[in-house]
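The values are calculated or read from the model by the stated rules, or taken from the named source; none is laboratory data. Remember, predicted model here, so these are calculated numbers, not experimental data. Cβ placement follows ideal geometry from the backbone for every residue including glycine, while neighbour counts extend to all protein chains displayed. SASA here: full protein model, heavy atoms, side chains in, ligands and nucleic acids out. Shrake-Rupley method; radii C 1.70, N 1.55, O 1.52, S 1.80 Å.
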Amino acid sequence: MEVRTRFAPSPTGSMHVGNARTAIFNWLFARHHNGKFILRIEDTDLERSTRENEEKLIEDLKWLKIDWDEEPVRQSDRTKIYEEYALRLVKEKKAFFCFCTDEVLSSKREKMMAEKKAPHYDGSCSRLSDQEIEENLKKGVPYSIRFKVDQKDIIFQDLIKGEVNIKAGMFGDFVLIRSNKMPVYNFSVVVDDALMKITHVIRAEEHLSNTARQIILYQALGFPVPFFAHTALILADDGSKLSKRHGATSVEEYRKKGYLSDGLFNYLSILGWTPPEEGKDKLSRKELIQFFDTDRVAKSPAKFDLSKLNWLNGEYIKEIPFEELRPVLLSLMGQNYDLFFYNQDEIEKILLLGARSLSYLSQIIKEVELFFISPENISKPLSLDEWKQEPHTALVKRFYEEVSKAETLNEEFFGTLLKNLGKELGAKGKNLFMPIRLFATGQEHGPDLNTVLTLLGKNKILKIIEQCLSF
Ligand code: GLU
């Protein structure tokens with residue numbers, strides 16, 4: 001059997017990282033089994049689907065280096081096919097024309113809810129006589145096509161979850177084709193997966209109840225049922241489902257922040273899937289393809305761990321030759337700051353300092369901020385109050401005096417000055433360096449102090465000290 005998987009996004013917005021993970025799992029599974037990976041655009045929700053979103057989706061997939069076999073398929077081009085299959089079901093009395101208007105349906109729904117019953121279709125149109133149907137059709141009464149549900153438990157073996165049992169009575173006769181001729185997701189997905197000979201459907205567990213409907217449709221249409229693998233949710237740090245309020249959730253946002261394709265791909269691959277070698281989370285695409293299978297995909301939800309993604313992405317950044325990074329980082333700096341105040345040599349030094357350990361490329365902006373913002377805009381360091389007392393302030397004041405008098409400020413000058421002040425005031429180690437770093441740069445941590453001070457130059461240092469003493 002040739003393994004065939006698919007990614008079937010709806011182009012209704014930017015690609016969520018959860019969707020990207022679904023694409024990655026399907027892609028890895030197909031590549032692992034030497035099978036085919038198909039792309040299908042599920043754009044039957046005419047109001048929410050746009051070509052622009054479709055293009056963005058494709059751009060994101062290409063950026064993630066996920067390639068697909070065969071021509072991508074767009075569902076809106078296939079409405080005739082779905083209608084044909086729905087009519088076949090009508091002919092076989094497995095589906096029926098439903099002439100109920102939206103108003104009738106919602107008043108019935110409200111009535112059931114008032115009677116504390118789970119709302120479901122009451123089957124009225126399934127009882128229409130052939131003659132009544134004929135007349136309605138002749139009169140051009142708009143209709144949808146509904147599937148006649150034979151109420152029974154649906155049991156299937158999920159490749160991740162094991163046996164899944166969905167009790168009868170969870171849903172009533174459901175629509176296959178809407179009155180606007182558009183198929184509903186559960187119907188088009190079955191027709192397409194069957195016609196495209198999809199063997200494995202890997203998708204998020206929120207589709208489990210859809211899977212139940214889909215299985216009965218496969219059976220009604222006489223199609224073989226594919227294997228299903230439902231992945232658990234992706235949670236944020238606070239244990240709730242990962243959403244916008246937790247920060248960046250789309251591939252586009254990560255791409256724009258300067259995460260690398262390989263870094264994000266690797267991270268999403270191991271989000272809910274455990275590689276076989278313990279502790280080895282950084283894996284090349286070749287290794288991921290070699291090892292990935294559904295048997296090591298977790299049954300329980302995976303936590304989206306930003307610090308792990310940052311670490312992993314940072315590892316990939318380290319592998320890029322600095323020559324390649326330089327223009328990108330320089331342009332990020334240029335877009336955000338006026339580089340005019342420094343000469344070529346200084347810019348190069350600032351760049352090197354900022355690029356020491358980046359988790360994502362746009363982090364450079366924050367890393368070099370000190371060199372470009374004006375001292376009045378420096379915010380109060382968290383631990384300032386702790387250090388704003390004697391003998392530390394005396395040291396800072398002496399440093400200020402010496403710097404104001406000095407003519408040439410370079411690394412050597414600062415090295416000697418700190419040594420001398422240390423001796424003069426009996427300050428050593430942290431008690432010597434911390435007050436100077438904190439008051440002269442406004443930062444608690446940073447790269448080599450003498451280099452930073454040299455780059456900042458006399459005026460800025462003095463102004464930052466004045467600012468910090470005034471907090
Ligand atoms: N268009 C559906 C979605 O984006 C596809 C679900 C599936 O994989 O069947 O959620």
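Of the listed residues 48, 88, the order by accessible area with a 1.4 Å probe, largest first, is 48, 88.
If only the Cβ of Lys and Arg carry +1 and only the Cβ of Asp and Glu carry -1, the dipole of the range 186-299 around its Cα centre is close to 260 debye.
For the range 320-471, what relative contact order do you get, as a whole percent, if you take Cα pairs closer than 8 Å and at least 6 residues apart? In percent, rounded to a whole number, it is 27. First select every other residue whose beta carbon is under 11 angstrom from the beta carbon of residue 119; then total the charges, Lys and Arg +1, Asp and Glu -1. Residues near residue 119 contribute +2 overall.
Which one of 273, 254, 232 has its Cα pushed farthest toward the positive end of the charge dipole of the range 151-291, where Lys and Arg give +1 and Asp and Glu give -1 at the Cβ? Value computed over the given set: 254. Which of the listed residues, 399, 438, 242, is farthest toward the dipole's positive end in the chain, when Lys, Arg count +1 and Asp, Glu count -1 at the beta-carbon? Ranked along the dipole, the leading option is 242. Accessible surface for residue 300 stands near 70 Å², nearest 10, in the context of the full protein assembly shown (1.4 Å probe). Taking the Cα centre of the chain as reference, the dipole from Cβ charges on Lys and Arg (+1) and Asp and Glu (-1) amounts to some 960 debye.
Roughly how many Å is it from the Cα centre of the range 443-470 to that of the range 217-261, as a whole number? Here the two parts' Cα centres lie 45 Å apart.
Give the distance, in whole Å, between the Cα centre of the range 266-324 and the Cα centre of the range 22-91. Here the two parts' Cα centres lie 26 Å apart.
Each residue of the range 417-429 was assigned a 3J(HN,Hα) from its phi angle through the Karplus curve 6.51 cos²θ - 1.76 cosθ + 1.60 (θ = phi - 60°); the sequence is 4, 5, 4, 5, 5, x, 5, 4, 9, x, 9, 9, x Hz, with glycine and proline shown as x.
Taking every DSSP helix (H) stretch of at least 4 residues in the chain, weighting each as -39,500 (n - 2.57) and dividing the sum by the residue count yields a mean residue ellipticity at 222 nm of -15000 deg cm²/dmol. Positive contributions from Lys and Arg (+1) and negative ones from Asp and Glu (-1), summed over other residues with Cβ under 14 Å from the Cβ of residue 387, come out at +1.
Placing +1 on the Cβ of every Lys and Arg and -1 on the Cβ of every Asp and Glu, with nothing else charged, gives the range 317-429 a dipole about its Cα centre of roughly 400 debye. Projecting the Cα atoms of 141, 61, 387 onto the charge dipole of the chain, computed from C-beta unit charges around the Cα centre, puts 141 farthest toward the positive end. Among the GluC sites (Glu not before Pro) within the range 1-98, those in coil by DSSP and having at most 13 neighbouring Cβ atoms inside 10 Å are 2, 47, 70, 92. Structure note, pairs 93/117; 282/308; 36/303; 65/256: Cα-Cα distances above 18 angstrom occur for 93/117; 36/303.
Applied to the range 458-469, the Karplus parametrisation 6.51 cos²θ - 1.76 cosθ + 1.60 on θ = phi - 60° returns per-residue 3J(HN,Hα) values of 3, 4, 5, 4, 4, 5, 5, 4, 4, 4, 5, 5 Hz, with x for Gly and Pro.
Can you tally the net charge around residue 290? Count Lys and Arg as +1, Asp and Glu as -1, for every other residue whose Cβ sits under 12 Å from the Cβ of residue 290. Around residue 290, the charge tally is 0.
Computed from Cα positions, the angle between helix 102-114 and the longest principal axis of the chain comes to roughly 80 degrees.
Calculated accessible area for the chain comes out at 51 Å² per residue, all protein chains present (probe 1.4 Å; ligands, DNA, RNA ignored). Computed on the chain, with alpha-carbon pairs under 8 angstrom and 6+ residues apart, the relative contact order is 13 percent. Taken one residue at a time, the phi angles of the range 137-142 give Karplus couplings (6.51, -1.76, 1.60, θ = phi - 60°) of 5, 4, 6, x, 5, x Hz. Gly and Pro are set to x.
Expressed as a whole percent, the accessible area of the chain that falls on carbon and sulfur atoms is 51 (1.4 Å probe).
Along its first, second and third principal axes, ordered by size, the chain spans 106, 51, 39 Å in Cα coordinates.
Identify all lysines with a Cα-Cα distance to residue 380 below 28 Å; exclude those on the same chain that are fewer than 8 residues away in sequence. Cα-Cα hits under 28 Å: 257, 349, 366, 388, 397, 405, 419, 428, 430, 458, 460, 463.
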